[in-house]
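Let me begin by presenting the structure, written as structure tokens, before commenting on it.
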Amino acid sequence: MAQMQNTAGKTAVRCPGWTLVMMALALASLLVLVDWNGTGVAKPLWMFAFPLAFGAAGGIVAAVKKAHGWAAVSAGFGIILLPIMTTAITLFQGP
């Protein structure tokens, strides 16, 4: 019969500070993309790469610090922000 391992004494891997900074920058760059004034002026296409780039940078920082779970969270955060924003804007303001 296999024995159960007690993992309660293990310390959790903390999120590296720069990863949190990069995730915050990804969110801030996403908020810059929103047309808050309703002018309808399009943002430059290259600005849409910022959330992904900041998420990937945070993932790289976390991977270098051996926080692989946080690396996945940061990269996923950067990837999923843009579809969430477009869906939310469509739902609240219409197409």
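The values are calculated or read from the model by the stated rules, or taken from the named source; none is laboratory data. All values reported here derive from a predicted model rather than from experimental measurement. Every residue, glycine as well, gets a Cβ built from its backbone with ideal geometry; the counts of neighbours run over all protein chains shown.
Taking K66 as the residue in question, decide whether it is in contact (Cβ under 8 Å) with a residue 24 or more places away in the chain and loosely packed, with under 14 Cβ neighbours inside 10 Å.
It is true that K66 is in contact (Cβ under 8 Å) with a residue 24 or more places away in the chain and loosely packed, with under 14 Cβ neighbours inside 10 Å.
Considering only the range 1-38, state which residues are modelled with pLDDT under 85 and among the polar types (S, T, N, Q).
Result: Q3, Q5, N6, T7, T11.
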